[in-house]
Amino acid sequence: MAVRDILILPDKRLRLKSEPVKAVDRSLRKLVDDMFETMYAAPGIGLAAIQIGVPQRVVTMDLAKKDEPKAPQVFINPEVVWKADERATYEEGCLSIPEYYEEVTRPSAVRVQYLDLAGTPHEIEATGLLATCLQHEIDHTNGVLFIDYISKLKRDMVMKKFKKAAKLGTGKPLSEDKEPSHHIG
Ligand code: K1U
Ligand code: ZN
């Protein structure tokens with residue numbers, strides 16, 4: 001198992017549409033192991049394979065709270081097959097856009113089809129954080145980021161800060177670059 005580097009905005013690979021997994025084999029299980037190690041080390045509650053540079057439709061997740069035992073979940077070739085009309089708003093973050101959080105409104109419930117690590121098909125109906133996280137991660141497999149749902153003004157500001165950070169080689173914006181400054185005088 002290995003902790004892999006997480007791609008950071010504005011890395012263009014984050015905009016790739018990932019390919020469906022063809023075979024649930026040893027190399028896929030190694031990828032999933034590395035994804036969990038990377039996700040737990042970050043720490044994060046979800047990860048899509050493209051975030052470690054692998055354009056395959058694979059998602060890992062663990063929504064257990066700090067005081068609860070680990071609850072790792074793997075979704076291979078996940079696909080949203082139904083979305084609720086009702087909407088829910090949740091403050092989202094992204095390991096590829098570190099230390100930036102913003103409210104995003106999405107369908108409050110989704111039905112998702114996927115394969116497990118044995119290659120067995122499943123369909124679940126998700127609500128709450130699971131619904132939000134699944135939509136966020138499935139978006140990653142389609143090259144979509146949560147900043148695509150915020151205002152253009154905010155998105156342009158985020159892009160500018162992360163492009164500057166990439167140029168400086170700092171990886172994430174410097175602390176004084178995080179929030180709009182309201183200096184007096
Ligand atoms: O896909 C990712 O970049 C992971 C992302 C998942 C996510 C978070 C919130 C809403 C939707 C999707 C994260 O894990 S960001 C980090 C985070 O939320 C967290 C980290 C440690 C403890 C608790 C939460
Ligand atoms: Zn993300």
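Computed values, structure above
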| quantity | calculated |
| --- | --- |
| Residue exposure sequence - Leu117, Leu28 - by fewest surrounding Cβ within 10 Å | Leu117, Leu28 |
| Antiparallel bridge percentage (DSSP; both residues within the chain; nearest 5) | 95 |
| Karplus-derived HN-Hα couplings along region 68-82 (A = 6.51, B = -1.76, C = 1.60, θ = phi - 60°), whole Hz, x at Gly and Pro | 9, x, 4, 9, x, 10, 10, 10, 9, 6, x, 9, 6, 10, 7 |
| Packing rank of 44-56, 135-147, where each peptide gets the mean count of other beta carbons within 10 Å, highest leading | 44-56, 135-147 |
| Hz values of 3J(HN,Hα) by residue in region 137-152 - Karplus curve (6.51, -1.76, 1.60), Gly and Pro given as x | 6, 5, 4, 4, 5, 10, x, 9, 10, 5, 5, 5, 9, 9, 5, 4 |
| Cα-centred dipole magnitude for region 49-139, charges only on beta-carbon of K, R (+1) and D, E (-1), debye, nearest 20 | 220 |
| Sequence ranges 62-71, 100-109, ranked by mean other-Cβ count within 10 angstrom, highest first | 100-109, 62-71 |
| 5 angstrom amide H check on Glu92, placed H, neighbours 5+ away | Glu102, Glu103, Val104 |
| Whole-number percent relative contact order across region 64-164, with pairs defined as alpha carbons under 8 Å at least 6 apart | 23 |
| Normalised contact order of region 106-149, rounded percent, pairs of Cα under 8 Å and 6 or more residues apart | 32 |
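Bear in mind that the values in this text are calculations on the coordinates, not laboratory data. Here the structure is a predicted model, which is why all the values come from computation and not from measurement. Every residue, glycine as well, gets a Cβ built from its backbone with ideal geometry; the counts of neighbours run over all protein chains shown.
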